[in-house]
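First up is the structure itself, then whatever we jot down about it.
The values are calculated or read from the model by the stated rules, or taken from the named source; none is laboratory data. All values derive from a computational prediction rather than experimental measurement. Reconstructed Cβ throughout: ideal geometry from the backbone, glycine too, with neighbour counts over all protein chains shown. With ligands, DNA and RNA removed, areas are computed over all heavy atoms of the protein, side chains included. Shrake-Rupley method; radii C 1.70, N 1.55, O 1.52, S 1.80 Å.
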Amino acid sequence: MEKLILRSKSEAELKEKVKNMLTLNEDEAIEIVELSKPFKFLFFFKDGEYEVKIVKKSEITNKSPKKEKINEKVNKPEVKVNLEKVEKPKKVENKENKVEKNIKISERLNVVIKEFLAVSNLDVKIESIKVKDNVYNIDLVGDDIRYIIGEKGIALSSLEYLLMSLEEFKHVKIFIDSNNYKEKREGILRELANKTAKNVLKTQRKVKLNPMNSRERKIIHEEISKIPGLETVSVGVEPKRCLIIKLKNKK
């Protein structure tokens with residue numbers, strides 16, 4: 001009996017590979033055992049691992065056929081219900097159920113992100129997952145965290161967006177950070193807004209900023225809205241959408 005350990009995206013793809021690799025005798029057959037499932041998440045994927053055996057056809061044990069379920073009609077006594085008299089149970093907000101839901105989503109986020117990090121082969125781990133007002137705050141740490149953050153936090157924002165686009169996380173808000181990067185970045189943006197505002201007021205000329213994501217544009221807009229006589233205008237399309245800081249009522 002020969003045995004091979006092979007990797008493939010699916011069992012169907014593996015069977016095609018084996019056909020091209022091996023030549024079987026008339027009394028031989030292939031038996032495949034899945035050792036680890038293939039994994040796919042967002043833009044990352046990991047092949048499954050399979051054990052392939054060449055066995056004699058006579059050694060293959062036939063699986064016992066599944067018994068078909070026989071639907072027997074049972075005459076049940078007819079029960080009439082007066083719907084007008086049936087009181088509908090009142091919905092009561094159960095704090096315990098809410099806590100259980102938060103724990104369930106947190107555990108699922110923990111699994112999904114760990115699988116993503118394992119496939120991406122990055123030295124990054126989850127430091128903590130905290131929940132407040134339906135916002136799941138995830139803190140990541142590790143030597144390769146710069147790859148998760150990306151240039152100006154773009155990769156970090158993209159990961160948040162992609163997680164929230166998954167069906168199981170569509171109704172929650174996910175906030176991912178590392179070593180307070182977003183807080184530090186927000187401070188830099190507010191400083192940039194104030195510095196640019198002074199320049200616009202001094203020169204009386206508008207200034208176009210570099211492209212930013214929606215969250216960063218919002219921070220700039222909030223800071224400029226505090227300064228009398230100035231306003232912001234968004235121009236361009238994602239991902240190159242940017243802000244122009246200018247005098248109010250001036251083109």
Practice problem: List the number of the failed condition for Arg185; all other conditions in (1) closer than 23 Å to Leu117 by Cα; (2) open to solvent by less than 90 Å² (accessible area, probe 1.4 Å) hold. | Solution: (1)
Quiz item: Quick one: Asn210 ticks every box in (1) touching a residue at least 12 places away in the same chain (Cβ under 8 Å); (2) open to solvent by less than 60 Å² (accessible area, probe 1.4 Å); (3) out of contact with any helix residue (DSSP H, G or I) (no Cβ under 8 Å at 6 or more places or on another chain) bar one, so which box is it?
Solution: (2)
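Does Lys130 satisfy being loosely packed, with under 14 Cβ neighbours inside 10 Å, of a type outside the set (S, T, N, Q), at pLDDT below 80 and over 16 Å from the mean Cα position of the chain (by Cα)? Walk me through it before giving the result.
Numbers: loosely packed, with under 14 Cβ neighbours inside 10 Å: yes; of a type outside the set (S, T, N, Q): yes; at pLDDT below 80: no; over 16 Å from the mean Cα position of the chain (by Cα): yes.
No: the conditions fail for Lys130.
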Self-check item: Single residue of Ile145, Ile224, Ile220, Ile244 found to be among the β-branched types (Val, Ile, Thr) and within 29 Å of Val119 (Cβ to Cβ)
Solution: Ile145
Quiz item: Name the residues in segment 94-120 that are over 22 Å from Ser165 (Cβ atoms), open to solvent by 90 Å² or more (accessible area, probe 1.4 Å) and either modelled with pLDDT of 85 or more or in contact with a strand residue (DSSP E or B) (Cβ under 9 Å, 6 or more places away or on another chain) (or both), would you?
Solution: Glu100
Quiz item: Which residues, taken from segment 153-185, are farther than 15 Å from Val141 by Cβ and among the small types (Gly, Ala, Ser)?
Solution: Gly153, Ala155, Ser157, Ser158, Ser165
Exercise. Return the pairs, sorted by first residue and then second, in which the second residue is open to solvent by 40 Å² or more (accessible area, probe 1.4 Å) and in a strand (DSSP E or B), the first residue lies in segment 223-251 and is at negative phi and without any contact (Cβ under 8 Å) to a residue 24 or more places away in the chain, the beta carbons are less than 8 Å apart, and the residues are 6+ apart or on different chains.
Key: Ser225/Glu231; Lys248/Glu231
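Which ones in segment 140-158 are open to solvent by less than 60 Å² (accessible area, probe 1.4 Å) and in contact (Cβ under 8 Å) with a residue 40 or more places away in the chain? Can you show your working first?
Filtering segment 140-158 for residues open to solvent by less than 60 Å² (accessible area, probe 1.4 Å) gives 140-142, 144-145, 148-150, 153, 155-158.
Within segment 140-158, Gly153, Ser157 qualify.
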